[in-house]
Amino acid sequence: MSLIISVASQKGGVGKSTISRLISREFAVNDFQVLIADMDISQSTCVHWNKRRLRDQLEPVIDVQLFGSVDKALKLAPNYDLIVFDGAPHATKQTIDLAKHSDIIIMPTGVALDDLEPAKDLAKELLGKGIPKEKIVVVFNHVGSSQAELEEATEYIKDKGLYVIGPYLPEKTSYRRASDDGKAATETTHTSTNQKADEVAQAIMNRIETIMQNV
Ligand SMILES: Nc1ncnc2c1ncn2[C@@H]1O[C@H](COP(=O)(O)OP(=O)(O)OP(=O)(O)O)[C@@H](O)[C@H]1O
Ligand SMILES: [Mg+2]
């Protein structure tokens, strides 16, 4: 049976596609057969990214396909060890559907209240639909240099009873540049940014292990 991970948020631009590609790349280097199911039919972000990756013959190979429905993507599950769903923004119905089929739902968010409130609202919506709280994992992205802002955001999420991983992605041009080159957040030209991304990926993998042990 393949592992199903969804990366979702109500808000646009918080890093769903960036985190999807990061996780996919890290599993793929560990010899997982990975499919990114790009659910964003209007932008096809991961599909375009993979064209750049294929053009430059980057390893490991990650399959990416665009899907209009969760069911269609799940039909391919027997062919893969992992399917990562890169969700579309503003797609509550799709997100609920994804969450129901997922082992884990990763919710990237920025650290400002403008970002945290929609994340909280989406989590509430998912919980209302019977998604177990343990399956929801918040990841901070676009984090600036203020430690106080990060701490307050962490408190905000914890206060809502949600799980947030410690490692986060800082706001760095090199993540955008890597993406421009068909690369993941662990494949930037800087060791320090790669390391930060690797810590995020490791923390997500550890959380998945914990969740899978408890089901
Ligand atoms: N930590 C970061 N530092 C700098 N740029 C980033 C970071 N994370 C993401 N970006 C950039 O921000 C933009 C939005 O990121 P991304 O596409 O991953 O978000 P998204 O949630 O998938 O957006 P959408 O809602 O439109 O699908 C992209 O240009 C991406 O390269
Ligand atoms: Mg996206």
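Each reported figure results from applying straightforward, stated rules to the coordinates on display, with no laboratory input. If you're wondering where the values come from, they're calculated on a predicted model, not measured in any experiment. Heads up, the Cβs are rebuilt from the backbone with ideal geometry, glycines too, and the neighbour counts pull from every protein chain shown.
Find the residue count for region 46-69, including only residues that are assigned to a helix (DSSP H, G or I) and without any contact (Cβ under 8 Å) to a residue 40 or more places away in the chain.
At the first step, the residues of region 46-69 found to be assigned to a helix (DSSP H, G or I) are 46-55.
If we keep only those that are without any contact (Cβ under 8 Å) to a residue 40 or more places away in the chain as well, we get 47-48.
Result for region 46-69: 2.
Is it true that some residue in region 102-112 is away from ligand 1 (no atom under 16 Å from the Cβ), surrounded by fewer than 22 Cβ atoms within 10 Å (Cβ to Cβ) and more than 26 Å from residue 25 (Cβ to Cβ)?
Within region 102-112, not a single residue is away from ligand 1 (no atom under 16 Å from the Cβ), surrounded by fewer than 22 Cβ atoms within 10 Å (Cβ to Cβ) and more than 26 Å from residue 25 (Cβ to Cβ).
Within region 21-40, which residues are more than 13 Å from residue 205 (Cα to Cα) and within 11 Å of ligand 1 (Cβ to nearest atom)?
The answer is 21, 38, 39, 40.
Only one of (1) without any contact (Cβ under 8 Å) to a residue 60 or more places away in the chain; (2) out of contact with any Gly (no Cβ under 8 Å at 6 or more places or on another chain); (3) of a type outside the set (Ser, Thr, Tyr); (4) surrounded by fewer than 18 Cβ atoms within 10 Å (Cβ to Cβ) is not met by residue 97, so which one is it?
(4)
Examine region 169-189 for a residue that is surrounded by 15 or more Cβ atoms within 10 Å (Cβ to Cβ), away from ligand 1 (no atom under 14 Å from the Cβ), of a type in the set (Lys, Arg) and free of Cβ contacts under 8 Å to residues at least 60 places away in the same chain, and state whether such a residue exists.
No - not one qualifying residue is present in region 169-189.
Can you tell me which condition residue 122 does not meet? The list is (1) more than 22 Å from residue 192 (Cα to Cα); (2) within 10 Å of ligand 1 (Cβ to nearest atom), and all the others hold.
Single failed check for residue 122: (2).
Determine whether residue 32 is more than 15 Å from ligand 2 (Cβ to nearest atom), surrounded by 15 or more Cβ atoms within 10 Å (Cβ to Cβ) and in a loop (DSSP other than H, G, I, E, B). Spell out how you get there, then give the answer.
Values: more than 15 Å from ligand 2 (Cβ to nearest atom): yes; surrounded by 15 or more Cβ atoms within 10 Å (Cβ to Cβ): yes; in a loop (DSSP other than H, G, I, E, B): yes.
For residue 32, the condition - more than 15 Å from ligand 2 (Cβ to nearest atom), surrounded by 15 or more Cβ atoms within 10 Å (Cβ to Cβ) and in a loop (DSSP other than H, G, I, E, B) - is met.
Given the conditions (1) exposed (fewer than 13 other Cβ atoms within 10 Å of the Cβ); (2) away from ligand 2 (no atom under 16 Å from the Cβ); (3) within 19 Å of the chain's Cα centre (by Cα), report the number of the one that residue 138 does not fulfil.
Status for residue 138: all satisfied but (1).
Would region 70-83 turn up any residue that is part of a helix (DSSP H, G or I), within 16 Å of ligand 1 (Cβ to nearest atom) and either in contact with a strand residue (DSSP E or B) (Cβ under 6 Å, 6 or more places away or on another chain) or more than 30 Å from residue 148 (Cα to Cα) (or both)?
no
Any residue in region 3-10 that is among the β-branched types (Val, Ile, Thr) and within 13 Å of ligand 2 (Cβ to nearest atom)? Let's see the steps before the verdict.
Filtering region 3-10 for residues among the β-branched types (Val, Ile, Thr) gives 4-5, 7.
With the extra rule that they be within 13 Å of ligand 2 (Cβ to nearest atom), the set shrinks to 7.
Within region 3-10, one or more residues are among the β-branched types (Val, Ile, Thr) and within 13 Å of ligand 2 (Cβ to nearest atom).
Which one of 11, 51, 16 is of a type in the set (D, E, K, R), within 13 Å of ligand 1 (Cβ to nearest atom) and surrounded by fewer than 23 Cβ atoms within 10 Å (Cβ to Cβ)?
On the way: 51 fails: within 13 Å of ligand 1 (Cβ to nearest atom); 16 fails: surrounded by fewer than 23 Cβ atoms within 10 Å (Cβ to Cβ).
Within the list 11, 51, 16, the selection yields 11.
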